[in-house]
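The values are calculated or read from the model by the stated rules, or taken from the named source; none is laboratory data. Only a predicted model underlies this, so the values are computations on that prediction, with no experimental measurement involved. Cβ placement follows ideal geometry from the backbone for every residue including glycine, while neighbour counts extend to all protein chains displayed.
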Amino acid sequence: MKVGNLDSALLMEQLRDIVASASRLEIAVAITGLSVFLYATSAVYAWWRLRHIPGPRLASFSYLWGFLKIREGKIDRVLIESQRKYGPVMRIGPNEVMVYDPETLWRINNVRSAYTRGGWYQSLRMDPSGESILSEPDTARHDARKAQVIIPYSGPRRIGNLESAVDSQLAVLIDKIETKYAYDPANPGPGAVKKVFDFGRIIHDFTLDTITLIVTGKAWGNVPHERDTFQFVTMMDAFMPIVHQVAIVPFLRSLFSSNIFLTLAGPKPTDKSGVGQFLG
């Protein structure tokens, strides 16, 4: 094989001589320069493809904008404000566009939609042995698995059972509020004003109790006992912000959902706490 007028073997030998004669600093500078050049090239290419779509300037060529906003814990407010500024179609990443239009969203989520599941779902992968119904990237396989899972919960009789499950947990919630937190006007005085409670948290617990009753046949009892069963709420409060930060950056998404990472450092069914205890 010839490369111009030079033999390929001779060219490789010359390259080895150059590397051998270079200092570590020179090699590091060369590698850094090459990395910066490749990143700059890819950033310009990414910006060029969707340059006609408005959005934050940094988001047009880097995922740093979204990563920082999620890390700051205000991505929801920032997206609303940015959408008002840039319009219903807004660029939020080098290859990502956010759409706020009911008709478009209906078409995307239509049963026969040709749109595929995005890479974001990859960040929900927890098991190196395969995909779950949440992380499955293939739309056809995801729909097939979802159809299998939904069978036990469909049909007129099952819908009646679902309604009774919701009603029973709603009764538990109302009883907890009336007996421990509600103001009692019939008994005025210091005892009439009861404890202040976090409505957002108790509704969260109500949702978990209802879901676990429907799925397993037994509610966790978070509402009546005011407890965090399996530390699930605490775990998700700590875990989900990290998932969202990883999900928005493709490189991190691929790294943390890879078989190697999940095998070495991912959650396992033998874990006594955390996500692993739900994989068994």
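Which fully enclosed helices (runs of 4 or more DSSP H) of region 204-280 have 1 or more residues being within 19 Å of the chain's Cα centre (by Cα) and of a type in the set (Asp, Glu)? Spell out how you get there, then give the answer.
Working: elements: 222-225, 232-247, 250-256, 259-265.
Hits in region 204-280: 232-247.
Filtering region 26-46 for residues that are at positive phi and surrounded by fewer than 12 Cβ atoms within 10 Å (Cβ to Cβ) leaves an empty set.
Can we say residue 38 is at pLDDT 75 or above and of a type outside the set (Phe, Trp, Tyr)? Reasoning before the result, please.
Details: at pLDDT 75 or above: yes; of a type outside the set (Phe, Trp, Tyr): yes.
In short, yes.
So that you can scan it fast, the table gives a plain yes or no per residue for (1) over 21 Å from residue 272 (Cβ atoms); (2) surrounded by 14 or more Cβ atoms within 10 Å (Cβ to Cβ):
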| position | (1), (2) |
| --- | --- |
| 203 | yes, no |
| 211 | yes, yes |
| 221 | no, yes |
| 227 | no, no |
| 238 | no, no |
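Considering only region 262-280, state which residues are surrounded by fewer than 14 Cβ atoms within 10 Å (Cβ to Cβ) and modelled with pLDDT of 85 or more. Of everything in region 262-280, those that are surrounded by fewer than 14 Cβ atoms within 10 Å (Cβ to Cβ) and modelled with pLDDT of 85 or more turn out to be 263, 264. Being part of a loop (DSSP other than H, G, I, E, B) and modelled with pLDDT under 85 is a property that holds for residue 187.
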